[in-house]
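J.: Dropping the structure in here first, questions after.
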Amino acid sequence: MITKCARCGICCNKGGPAFHIEDKPILEKGVIPLKFLFTMRKGEPVNDNLQDRMIAADSDIIKIKSQKKSTACIFFDGTENRCRIYQNRPLECRVLKCWDIRGIKEIYSKDRLSRKDLLSGVEGLWDLVETHHRFCSYDKIRDLSDGINGGDRKSIEQINGIIGYDTHIRGLVTEKGGMEPEITEFLFGRPLLKTIGILGIKIKEQ
Ligand code: SF4
(Lines give C-alpha, C1' and ligand atoms only; values in the text may rest on other atoms or scores of the structure.)
Protein backbone atom coordinates (compact mmCIF):
# COMPACT_ATOMS: atom_id res chain seq x y z
CA MET A 1 0.00 0.00 0.00
CA ILE A 2 1.31 3.45 -0.99
CA THR A 3 1.67 5.87 1.92
CA LYS A 4 4.00 8.49 0.45
CA CYS A 5 4.80 10.05 -2.91
CA ALA A 6 6.84 7.63 -5.02
CA ARG A 7 7.49 10.31 -7.69
CA CYS A 8 5.85 8.18 -10.34
CA GLY A 9 4.67 11.34 -12.13
CA ILE A 10 1.21 9.98 -12.88
CA CYS A 11 -0.63 12.97 -11.36
CA CYS A 12 1.55 15.54 -13.18
CA ASN A 13 1.13 13.61 -16.44
CA LYS A 14 -2.64 13.93 -16.17
CA GLY A 15 -2.49 17.73 -16.34
CA GLY A 16 -1.80 20.88 -14.35
CA PRO A 17 -3.69 22.09 -11.27
CA ALA A 18 -6.41 24.71 -10.96
CA PHE A 19 -5.61 27.78 -8.88
CA HIS A 20 -7.16 28.86 -5.60
CA ILE A 21 -7.09 32.19 -3.76
CA GLU A 22 -4.19 30.89 -1.66
CA ASP A 23 -2.10 30.71 -4.85
CA LYS A 24 -2.51 34.40 -5.71
CA PRO A 25 0.94 35.42 -4.35
CA ILE A 26 2.71 32.88 -6.62
CA LEU A 27 1.15 34.55 -9.64
CA GLU A 28 1.67 38.08 -8.33
CA LYS A 29 5.36 37.33 -7.79
CA GLY A 30 5.59 36.19 -11.42
CA VAL A 31 6.91 32.72 -10.49
CA ILE A 32 4.37 31.33 -12.94
CA PRO A 33 3.94 33.73 -15.88
CA LEU A 34 0.35 34.21 -17.03
CA LYS A 35 1.17 32.91 -20.50
CA PHE A 36 1.46 29.42 -19.00
CA LEU A 37 -2.15 29.54 -17.78
CA PHE A 38 -5.55 29.16 -19.38
CA THR A 39 -9.02 29.97 -18.14
CA MET A 40 -12.12 27.87 -18.34
CA ARG A 41 -14.84 30.50 -18.12
CA LYS A 42 -18.02 30.48 -16.05
CA GLY A 43 -20.62 28.36 -17.84
CA GLU A 44 -18.03 26.50 -19.94
CA PRO A 45 -18.50 22.71 -20.11
CA VAL A 46 -15.65 21.20 -18.07
CA ASN A 47 -14.78 17.80 -16.74
CA ASP A 48 -15.18 17.59 -12.99
CA ASN A 49 -12.24 15.33 -12.13
CA LEU A 50 -13.66 14.24 -8.79
CA GLN A 51 -17.11 13.35 -10.11
CA ASP A 52 -15.67 12.33 -13.50
CA ARG A 53 -18.51 13.97 -15.43
CA MET A 54 -19.05 17.08 -17.53
CA ILE A 55 -20.52 20.08 -15.72
CA ALA A 56 -20.86 23.80 -16.47
CA ALA A 57 -18.11 25.68 -14.57
CA ASP A 58 -19.73 27.77 -11.83
CA SER A 59 -16.88 30.30 -11.81
CA ASP A 60 -13.61 30.91 -13.63
CA ILE A 61 -11.26 27.94 -13.37
CA ILE A 62 -7.67 29.03 -14.03
CA LYS A 63 -5.28 26.18 -14.75
CA ILE A 64 -1.69 25.53 -15.79
CA LYS A 65 -1.44 24.59 -19.46
CA SER A 66 -0.39 21.17 -20.66
CA GLN A 67 2.64 20.41 -22.76
CA LYS A 68 2.32 20.31 -26.53
CA LYS A 69 1.24 16.84 -27.72
CA SER A 70 0.68 15.56 -24.18
CA THR A 71 -1.62 16.07 -21.21
CA ALA A 72 1.37 16.51 -18.84
CA CYS A 73 1.61 19.77 -16.88
CA ILE A 74 3.88 22.24 -18.65
CA PHE A 75 6.15 22.35 -15.58
CA PHE A 76 6.66 18.60 -15.41
CA ASP A 77 10.11 17.40 -16.37
CA GLY A 78 9.43 13.89 -17.64
CA THR A 79 13.10 12.99 -17.97
CA GLU A 80 13.72 13.32 -14.26
CA ASN A 81 10.10 12.96 -13.09
CA ARG A 82 10.24 16.24 -11.25
CA CYS A 83 8.33 19.51 -10.94
CA ARG A 84 10.27 22.51 -12.26
CA ILE A 85 8.49 24.85 -9.82
CA TYR A 86 8.36 22.46 -6.86
CA GLN A 87 9.10 25.11 -4.19
CA ASN A 88 6.25 27.23 -5.55
CA ARG A 89 3.84 24.54 -6.71
CA PRO A 90 0.17 25.50 -6.33
CA LEU A 91 -2.10 24.40 -3.48
CA GLU A 92 -3.72 21.49 -5.34
CA CYS A 93 -0.29 19.97 -6.03
CA ARG A 94 0.73 20.34 -2.40
CA VAL A 95 -2.50 18.78 -1.12
CA LEU A 96 -2.90 15.95 -3.64
CA LYS A 97 -1.99 12.52 -2.32
CA CYS A 98 -2.93 9.81 -4.78
CA TRP A 99 -3.23 7.30 -1.93
CA ASP A 100 -5.65 9.49 0.06
CA ILE A 101 -7.82 11.96 -1.84
CA ARG A 102 -9.62 13.41 1.18
CA GLY A 103 -7.43 16.52 1.17
CA ILE A 104 -7.97 17.35 -2.50
CA LYS A 105 -11.71 16.65 -2.18
CA GLU A 106 -11.87 19.15 0.67
CA ILE A 107 -10.41 22.06 -1.33
CA TYR A 108 -11.18 21.10 -4.94
CA SER A 109 -14.05 23.46 -5.72
CA LYS A 110 -13.55 25.95 -2.88
CA ASP A 111 -12.10 29.48 -3.17
CA ARG A 112 -11.13 29.21 -6.80
CA LEU A 113 -9.02 32.07 -8.09
CA SER A 114 -10.70 34.14 -10.80
CA ARG A 115 -9.45 36.53 -13.46
CA LYS A 116 -11.14 39.31 -11.49
CA ASP A 117 -8.89 38.56 -8.49
CA LEU A 118 -5.85 39.12 -10.69
CA LEU A 119 -6.94 41.76 -13.19
CA SER A 120 -9.60 44.00 -11.67
CA GLY A 121 -6.94 46.59 -10.81
CA VAL A 122 -5.57 46.73 -14.34
CA GLU A 123 -7.33 49.68 -15.91
CA GLY A 124 -8.61 49.09 -19.42
CA LEU A 125 -7.68 45.43 -19.58
CA TRP A 126 -10.27 44.29 -17.03
CA ASP A 127 -13.03 46.16 -18.93
CA LEU A 128 -12.02 44.32 -22.08
CA VAL A 129 -12.07 40.94 -20.31
CA GLU A 130 -15.50 41.65 -18.78
CA THR A 131 -16.95 42.86 -22.07
CA HIS A 132 -15.68 39.76 -23.83
CA HIS A 133 -17.12 37.50 -21.14
CA ARG A 134 -20.55 39.15 -21.42
CA PHE A 135 -20.63 39.15 -25.21
CA CYS A 136 -19.32 35.58 -25.53
CA SER A 137 -21.18 34.12 -22.55
CA TYR A 138 -21.60 30.34 -22.60
CA ASP A 139 -25.18 30.70 -21.31
CA LYS A 140 -25.99 32.85 -24.33
CA ILE A 141 -24.40 30.29 -26.66
CA ARG A 142 -26.35 27.45 -25.01
CA ASP A 143 -29.58 29.38 -25.62
CA LEU A 144 -28.69 29.67 -29.29
CA SER A 145 -27.64 26.05 -29.80
CA ASP A 146 -31.04 24.56 -30.76
CA GLY A 147 -31.60 27.33 -33.30
CA ILE A 148 -28.11 26.92 -34.76
CA ASN A 149 -28.37 23.16 -35.14
CA GLY A 150 -31.90 23.58 -36.55
CA GLY A 151 -30.59 25.97 -39.21
CA ASP A 152 -32.26 29.13 -37.84
CA ARG A 153 -30.70 32.00 -39.78
CA LYS A 154 -30.86 34.57 -36.96
CA SER A 155 -29.21 32.21 -34.45
CA ILE A 156 -26.48 31.39 -36.96
CA GLU A 157 -25.82 35.09 -37.56
CA GLN A 158 -25.59 35.66 -33.82
CA ILE A 159 -23.14 32.82 -33.24
CA ASN A 160 -21.03 33.99 -36.17
CA GLY A 161 -20.89 37.43 -34.53
CA ILE A 162 -19.89 35.93 -31.18
CA ILE A 163 -17.16 33.73 -32.65
CA GLY A 164 -15.93 36.61 -34.80
CA TYR A 165 -15.66 38.86 -31.75
CA ASP A 166 -13.87 36.15 -29.74
CA THR A 167 -11.32 35.76 -32.54
CA HIS A 168 -10.99 39.50 -33.17
CA ILE A 169 -10.28 40.47 -29.56
CA ARG A 170 -7.40 37.98 -29.33
CA GLY A 171 -5.81 39.53 -32.40
CA LEU A 172 -6.42 43.02 -31.05
CA VAL A 173 -4.51 42.57 -27.78
CA THR A 174 -1.58 40.91 -29.51
CA GLU A 175 -1.30 43.01 -32.66
CA LYS A 176 -2.30 46.39 -31.24
CA GLY A 177 -1.65 45.82 -27.54
CA GLY A 178 1.72 44.11 -28.01
CA MET A 179 0.84 41.18 -25.74
CA GLU A 180 2.18 37.68 -26.28
CA PRO A 181 -0.36 35.48 -28.12
CA GLU A 182 0.01 32.78 -25.44
CA ILE A 183 -1.58 35.04 -22.81
CA THR A 184 -4.93 35.25 -24.61
CA GLU A 185 -6.05 31.83 -23.32
CA PHE A 186 -5.73 33.22 -19.81
CA LEU A 187 -7.39 36.58 -20.58
CA PHE A 188 -10.31 35.37 -22.71
CA GLY A 189 -10.38 31.64 -22.02
CA ARG A 190 -9.99 28.92 -24.57
CA PRO A 191 -10.98 30.07 -28.08
CA LEU A 192 -14.64 29.44 -28.84
CA LEU A 193 -13.66 27.73 -32.06
CA LYS A 194 -12.05 25.04 -29.89
CA THR A 195 -14.76 24.73 -27.22
CA ILE A 196 -18.04 25.27 -29.02
CA GLY A 197 -18.22 21.67 -30.25
CA ILE A 198 -18.45 20.47 -26.64
CA LEU A 199 -21.83 22.21 -26.49
CA GLY A 200 -23.01 20.07 -29.39
CA ILE A 201 -22.87 22.95 -31.86
CA LYS A 202 -21.57 21.96 -35.26
CA ILE A 203 -19.67 24.67 -37.11
CA LYS A 204 -17.75 24.87 -40.35
CA GLU A 205 -14.71 27.16 -40.45
CA GLN A 206 -14.53 29.21 -43.65
S1 SF4 B 1 2.93 22.28 -10.95
FE2 SF4 B 1 4.50 20.76 -10.56
S3 SF4 B 1 3.59 19.35 -9.05
FE4 SF4 B 1 1.93 20.53 -9.99
S5 SF4 B 1 1.18 19.27 -11.71
FE6 SF4 B 1 2.71 20.71 -12.51
S7 SF4 B 1 4.64 19.55 -12.47
FE8 SF4 B 1 3.20 18.49 -11.11
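The values are calculated or read from the model by the stated rules, or taken from the named source; none is laboratory data. As the structure is a computational prediction, the values presented were derived from the model and not from experiment. Heads up, the Cβs are rebuilt from the backbone with ideal geometry, glycines too, and the neighbour counts pull from every protein chain shown.
J.: Could you say whether any residue in segment 127-140 is surrounded by 16 or more Cβ atoms within 10 Å (Cβ to Cβ), touching a helix residue (DSSP H, G or I) at 6+ places or on another chain (Cβ under 8 Å) and modelled with pLDDT under 95?
T.: The answer is no; no qualifying residue exists.
J.: Report, by residue number, each residue of segment 6-37 that is surrounded by 12 or more Cβ atoms within 10 Å (Cβ to Cβ), in contact (Cβ under 8 Å) with a residue 60 or more places away in the chain and more than 11 Å from the ligand (Cβ to nearest atom).
T.: 20, 21, 22, 24, 27, 34, 35, 37
J.: What is the residue count in segment 111-165 for residues that are among the hydrophobic types (A, V, I, L, M, F, W, C), assigned to a loop (DSSP other than H, G, I, E, B) and without any contact (Cβ under 8 Å) to a residue 12 or more places away in the chain? Show your work before the answer.
T.: Pass one, segment 111-165, residues among the hydrophobic types (A, V, I, L, M, F, W, C): 113, 118-119, 122, 125-126, 128-129, 135-136, 141, 144, 148, 156, 159, 162-163.
Okay, now just the ones that are also assigned to a loop (DSSP other than H, G, I, E, B), so 113, 122, 136.
Pick out the ones that are also without any contact (Cβ under 8 Å) to a residue 12 or more places away in the chain and you get 122.
Result for segment 111-165: 1.
J.: Separate question: Got a sec? Which of 150, 103 is within 30 Å of residue 26 (Cα to Cα), at pLDDT below 95 and of a type outside the set (Ser, Thr, Tyr)? Show your work before the answer.
T.: Numbers: 150 fails: within 30 Å of residue 26 (Cα to Cα).
None of the other options fit; the residue is 103.
J.: Follow-up. Is there a residue in segment 49-60 that is assigned to a loop (DSSP other than H, G, I, E, B), among the acidic types (Asp, Glu) and in contact with a strand residue (DSSP E or B) (Cβ under 8 Å, 6 or more places away or on another chain)? Spell out how you get there, then give the answer.
T.: Of all residues in segment 49-60, those assigned to a loop (DSSP other than H, G, I, E, B) come to 49-52, 57-60.
From what's left, among the acidic types (Asp, Glu): 52, 58, 60.
Subsequent filtering for residues that are in contact with a strand residue (DSSP E or B) (Cβ under 8 Å, 6 or more places away or on another chain) retains 60.
There is at least one residue in segment 49-60 that is assigned to a loop (DSSP other than H, G, I, E, B), among the acidic types (Asp, Glu) and in contact with a strand residue (DSSP E or B) (Cβ under 8 Å, 6 or more places away or on another chain).
J.: May I ask you to verify whether residue 70 is away from the ligand (no atom under 13 Å from the Cβ), assigned to a loop (DSSP other than H, G, I, E, B) and either in contact (Cβ under 8 Å) with a residue 24 or more places away in the chain or closer than 23 Å to residue 136 by Cα (or both)? So that I can check it myself, show each step before the final result.
T.: Working: away from the ligand (no atom under 13 Å from the Cβ): no; assigned to a loop (DSSP other than H, G, I, E, B): yes; either in contact (Cβ under 8 Å) with a residue 24 or more places away in the chain or closer than 23 Å to residue 136 by Cα (or both): yes.
No, not satisfied.
J.: Spot the failing condition for residue 113; the list is (1) more than 15 Å from the ligand (Cβ to nearest atom); (2) modelled with pLDDT of 95 or more, and only one is missed.
T.: Failing condition for residue 113: (1).
J.: Can you report the number of residues in segment 38-81 which are hydroxyl-bearing (Ser, Thr, Tyr) and surrounded by fewer than 17 Cβ atoms within 10 Å (Cβ to Cβ)? Before the answer, list the steps.
T.: Taking segment 38-81 first, the residues hydroxyl-bearing (Ser, Thr, Tyr) are 39, 59, 66, 70-71, 79.
Filter once more, so that each one left must be surrounded by fewer than 17 Cβ atoms within 10 Å (Cβ to Cβ): 59, 70-71, 79.
Counting residues in segment 38-81 that are hydroxyl-bearing (Ser, Thr, Tyr) and surrounded by fewer than 17 Cβ atoms within 10 Å (Cβ to Cβ) gives 4.
J.: Still on this structure, please answer the following. In this structure, does residue 58 turn out to be of a type outside the set (Phe, Trp, Tyr), at pLDDT below 90, farther than 19 Å from residue 182 by Cα and more than 16 Å from the ligand (Cβ to nearest atom)? Steps first, please.
T.: Numbers: of a type outside the set (Phe, Trp, Tyr): yes; at pLDDT below 90: no; farther than 19 Å from residue 182 by Cα: yes; more than 16 Å from the ligand (Cβ to nearest atom): yes.
In short, no.
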